[in-house]
Amino acid sequence: MVRVPLLSDAVQLVRAQTEVLTALPATVLQLNRSARLLADALGQTAETVAAVQRLAIRMENVVTELEQPLLDLAPGITRLARALDHPVIEEIPESLAKLQADALPILRSMHETQVKVATIAASTERLVRMGDDLVTRIGHLPGAGLFGVAARRRPKPPVPAAAVTPASMPPEIDTPALFDTGSLEVVDAEIVED
């Protein structure tokens, strides 16, 4: 059966239409904002696409420049890979460990020997200088000329240039303390030069 619209139905329709018309400006305003945001997004998208296109061109140029050198390196890299797969390569760490265990102690002992030889050479040089000083002092004593002992001046030999650290050298011998000539007078000493 067909229903006849009543006045309350008409009032409800008018009220609904009024509410829709009241909300229409806010909806249009929101639609405007959305359209502006969409336009901004499209503008940024266009800028992004242009930047990506510039980047793609640059990457293509770089790849073009690098393509031939990389292709030229491919056979060498393949040979290197085959060489690194050789069983000898696996033995290198073991060989290095063995070399370290065998050779380093020898090198250390060689260094220690070098230091000892340099110390002995320096001590010998000091003993020679002390002997020369003793001969010179005896030559200055009164009556030394009667025994054929004359004061001599010998040129001092150069000190060997050895790698000796000061800490490894023995302390200097205090020669004035060993040969105190404070109470002796030197009378008519001859100086003979070689």
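Tabulated data
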item	result
Kirkwood Rh (inverse of mean 1/r, distinct Cα pairs), segment 7-87, angstrom	19.5 Å
Pairwise centroid distance, computed over Cα atoms, of segment 62-95 with segment 37-61, Å	39 Å
Note, ³J(HN,Hα) from phi for segment 67-74, Karplus 6.51, -1.76, 1.60, rounded to Hz, x at Gly and Pro	4, 5, x, 5, 5, 5, 7, 4
Dipole magnitude of segment 7-87 about its Cα centre (Cβ charges: Lys, Arg +1; Asp, Glu -1), debye to nearest 20	140 debye
Nearest-0.05 FRET efficiency for A56 and V20, computed from C-beta distance (R0 45 Å)	0.35
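A short reminder: the numbers here are calculations on the coordinates, not readings from a lab. Just so we're clear, the structure is a prediction, and the values are computed from it rather than from any experiment. No Cβ is skipped: glycine too gets one built from the backbone with ideal geometry, and neighbour counts run over all protein chains shown.
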